[in-house]
Amino acid sequence: MDYILNVTGYILEGSLITFKLYLATAVFAVLLGIFGALGKISNIKFINKVLEIYTWVFRGTPLLLQLFFAYYGLPIIGITLQPFTAATLTFIVNYGAYFTEIFRAGIESIDKGQYEAAQVLGMNYRQTMVRIILPQTIKRVLPPTSNEAINLVKDSALVAAIGLGDLLRAAKVVVTRDFTITPFIIAAIMYLLISSVIVTVFRQLEKKYSVYE
């Protein structure tokens with residue numbers, strides 16, 4: 001039992017990187033996705049094209065390749081980033097591309113009559129989006145957003161490839177040192193617990209926004 005507690009404590013120390021990366025990505029990637037979605041549905045062709053290329057590139061190439069490019073590739077052109085900074089920026093931009101498409105699809109799924117009704121009530125574009133469109137969009141995008149939130153937990157393990165001591169790497173260190181699979185089992189349980197918490201949170205959000213059905 002003492003061994004399990006010691007190993008769990010060590011792995012939890014490594015999980016701090018995982019939690020920091022997750023929190024930063026969740027906050028800023030969602031914001032990037034919202035602004036990206038609004039940009040894609042705008043009538044400004046230049047912005048549409050730039051965002052089209054952005055989502056095409058970052059959704060069409062592996063996250064690990066993007067991570068290597070940020071950490072190992074950018075120094076070649078004189079831009080050197082610390083491992084955590086490189087990982088955070090890569091994850092934000094990558095997940096921002098996915099959220100952009102999720103939110104865009106959600107906004108475009110709202111019936112055009114909602115916009116017309118808002119105009120009749122004298123609302124401007126901002127009021128229409130904030131009061132009418134976005135609340136309904138949130139309800140519709142929660143399931144795919146939940147999937148991305150769970151994927152983010154698992155993808156965070158990729159940071160070990162650039163030397164960051166995340167949850168999985170901490171477990172691997174103990175496995176190599178003690179030649180036992182116990183640390184991997186503990187790490188798996190931690191990932192499952194984190195994913196379960198995320199699922200629970202999104203279920204509560206779906207209940208909250210069910211009023212917009």
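Overview of values
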quantity: Test result for Thr137, crowded, with 18+ Cβ neighbours inside 10 Å and more than 21 Å from Ser196 (Cα to Cα); calculated: yes
quantity: Filtered residues of segment 182-211 (kept if surrounded by 11 or more Cβ atoms within 10 Å (Cβ to Cβ) and over 19 Å from Asn147 (Cα atoms)); calculated: Thr182, Pro183, Phe184, Ile185, Ile186, Ala187
quantity: Residues of segment 77-109 classified as under 20 Å from Ile47 (Cβ atoms), out of contact with any Phe, Trp or Tyr (no Cβ under 8 Å at 6 or more places or on another chain) and of a type in the set (A, V, I, L, M), total; calculated: 3
quantity: Helices (runs of 4 or more DSSP H) within segment 91-191 that include 1 or more residues among the aromatic types (Phe, Trp, Tyr); calculated: 112-120
quantity: Extreme residue, surrounded by the most Cβ atoms within 10 Å (Cβ to Cβ), among residues of segment 11-60 that are outside any helix (DSSP H, G or I) and among the aliphatic types (A, V, I, L, M); calculated: Ile41
quantity: Residues of segment 40-67 classified as more than 18 Å from the chain's Cα centre (by Cα) and free of Cβ contacts under 8 Å to residues at least 40 places away in the same chain, total; calculated: 11
quantity: In segment 71-101, the residues that are in contact (Cβ under 8 Å) with a residue 24 or more places away in the chain and more than 12 Å from the chain's Cα centre (by Cα); calculated: Tyr71, Tyr72, Pro83, Phe84, Ala86, Ala87, Glu101
quantity: Residues located in segment 146-178, provided they are free of Cβ contacts under 8 Å to residues at least 60 places away in the same chain and among the hydroxyl-bearing types (Ser, Thr, Tyr); calculated: Ser146, Thr176
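Where a number appears in this text, it was derived from the coordinates with a stated rule and is not lab data. Because the structure is a prediction, the values reported are computed rather than measured. Positions of Cβ are backbone-derived with ideal geometry, glycine not excepted, and every protein chain shown enters the neighbour counts.
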